[in-house]
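The values are calculated or read from the model by the stated rules, or taken from the named source; none is laboratory data. For clarity, every value in this text was computed on a predicted model and none was experimentally measured. Cβ placement follows ideal geometry from the backbone for every residue including glycine, while neighbour counts extend to all protein chains displayed.
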Amino acid sequence: MSEVEDQLGWLERWYQEQCDGEWEHDCGITIETLDNPGWLVKIDVQGLELEAIAHGRVLAIVGEPPNDTNGNVGGPIWMLCKIESGKFVGAGDPTQLRGILAQFRILVEAQAT
C-alpha cells in the first residue's frame, strides 16, 4: 500500500468515525487547490477534543509559505498547518497533500494517546 493510499484510507476511516448523525450535517472535510499553486485542506474539529488541545496553534511549517512579505508566493517547497476557527487548516505546494494529511493524522493520533 502506498503512502497516499494509507493517508487517504486513514482519513476515510476517521471521517466515518465522526459521522454520528449530527457531526456530518454541520462539519466536514474540504480539499481544494490554490492558485499559487498548491493544496488547501480544511477539516472541522469544532466540538472535538482536538480543537481544545491545539486551538490557535501552528502545527507545522515547512519551507517558506506564502505571506505578505513574499507577495503571497511561497518557496518551491512549503507547507503550513494550524488550527484556526474550529478547523484544521493545512496548505502547501503541489507536492504537500500527503504531508498535510499526515500532519492532521499526527494531531489526531497524539490526542488519542
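Structural remarks
- In region 48-64, residue modelled with the highest pLDDT [restricted to those that are more than 15 Å from GLN111 (Cα to Cα) and outside any strand (DSSP E or B)]: GLU64
- Count of region 84-107 residues which are over 15 Å from LEU40 (Cβ atoms) and surrounded by 18 or more Cβ atoms within 10 Å (Cβ to Cβ): 2
- Within region 68-105, the set of residues being out of contact with any strand residue (DSSP E or B) (no Cβ under 6 Å at 6 or more places or on another chain), hydrophobic (A, V, I, L, M, F, W, C) and farther than 13 Å from VAL58 by Cβ comprises VAL73, LEU101, ALA102.
- Candidate set: region 65-82, residues that are part of a loop (DSSP other than H, G, I, E, B) and under 17 Å from the mean Cα position of the chain (by Cα); chosen: the one modelled with the highest pLDDT: ILE77
- Answer residue from region 24-47, given it is over 22 Å from LEU97 (Cβ atoms) and modelled with pLDDT under 85 and is surrounded by the fewest Cβ atoms within 10 Å (Cβ to Cβ) among those: GLN46
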